[in-house]
């Protein structure tokens, strides 16, 4: 369900993102539209001086770590040996989202290995970055995306807001099994691969 290349922003796309914002904020997350990765780095650096980057995102966006370092951050990219120890309680982590779903305000995160998985689970604040072109309307779009990939993503999670856990007495706790806070960043001004301005 993802388009093959950059496209112009239409009124329909803008309306879709407005609905996504409402759902994301209803799920107790923050929503931001940013033009590109430089602004993503500035956003993350404004939250903490120690930032983890998911290995799969580091592979596709290696300049992100350099931008974070230029902003004064210590960057943590977990290794394969003990990724949980590398990122345990890191204040902020940045991951790439495959899709954002308007219907639920969720972001689909496809984690290709344990190191990616622990970044989303062990940070205190999770920054999910999603290109505007992959904002979809319904959960059925997620099912189609997964079917097209036939299980190639080892772990795929629809994440909707901060982690919430309730006990038998209905006492709600935030952040026990995942991040305390979630920021959804939608990239609107550049192509996610080339970083060239979209037409």
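The values are calculated or read from the model by the stated rules, or taken from the named source; none is laboratory data. Bear in mind the structure is a predicted one, so any value in this text is a computation, not a measurement. Positions of Cβ are generated from backbone atoms using ideal geometry, with glycine treated the same way; all protein chains shown enter the neighbour counts.
The set of residues in the stretch 4-36 being at pLDDT 95 or above and touching a helix residue (DSSP H, G or I) at 6+ places or on another chain (Cβ under 8 Å) consists of 17, 30, 31, 32, 33, 34. The set of residues in the stretch 44-63 being buried (at least 23 other Cβ atoms within 10 Å of the Cβ) and more than 30 Å from residue 143 (Cα to Cα) consists of 44, 51. Does at least one position in the stretch 175-197 carry a residue that is part of a loop (DSSP other than H, G, I, E, B), under 29 Å from residue 63 (Cβ atoms) and at pLDDT 90 or above? Scanning the stretch 175-197, I find at least one residue that is part of a loop (DSSP other than H, G, I, E, B), under 29 Å from residue 63 (Cβ atoms) and at pLDDT 90 or above, so the answer is yes.
Could you run through the stretch 122-131 and say how many residues are touching a helix residue (DSSP H, G or I) at 6+ places or on another chain (Cβ under 7 Å) and surrounded by 23 or more Cβ atoms within 10 Å (Cβ to Cβ)? Give the derivation first.
Here is the first cut: in the stretch 122-131, the residues touching a helix residue (DSSP H, G or I) at 6+ places or on another chain (Cβ under 7 Å) are 122-123, 126-127, 129.
After this cut, where a residue has to be surrounded by 23 or more Cβ atoms within 10 Å (Cβ to Cβ) as well, the list is 123, 126-127, 129.
Residues in the stretch 122-131 being touching a helix residue (DSSP H, G or I) at 6+ places or on another chain (Cβ under 7 Å) and surrounded by 23 or more Cβ atoms within 10 Å (Cβ to Cβ): 4 in total.
Before we move on, is residue 23 surrounded by 16 or more Cβ atoms within 10 Å (Cβ to Cβ) and without any contact (Cβ under 8 Å) to a residue 40 or more places away in the chain? No: the conditions fail for residue 23.
Could you check the stretch 1-106 for strands (runs of 3 or more DSSP E) lying wholly inside it with 1 or more residues that are in contact with a strand residue (DSSP E or B) (Cβ under 7 Å, 6 or more places away or on another chain) and within 21 Å of residue 122 (Cβ to Cβ)? Reasoning before the result, please.
Working: elements: 30-34, 50-53, 74-76, 92-96, 99-101.
Hits in the stretch 1-106: 30-34, 50-53, 74-76, 92-96.
Each residue in the stretch 107-141 was checked for being part of a loop (DSSP other than H, G, I, E, B) and either over 17 Å from residue 181 (Cβ atoms) or modelled with pLDDT of 95 or more (or both), and 4 pass.
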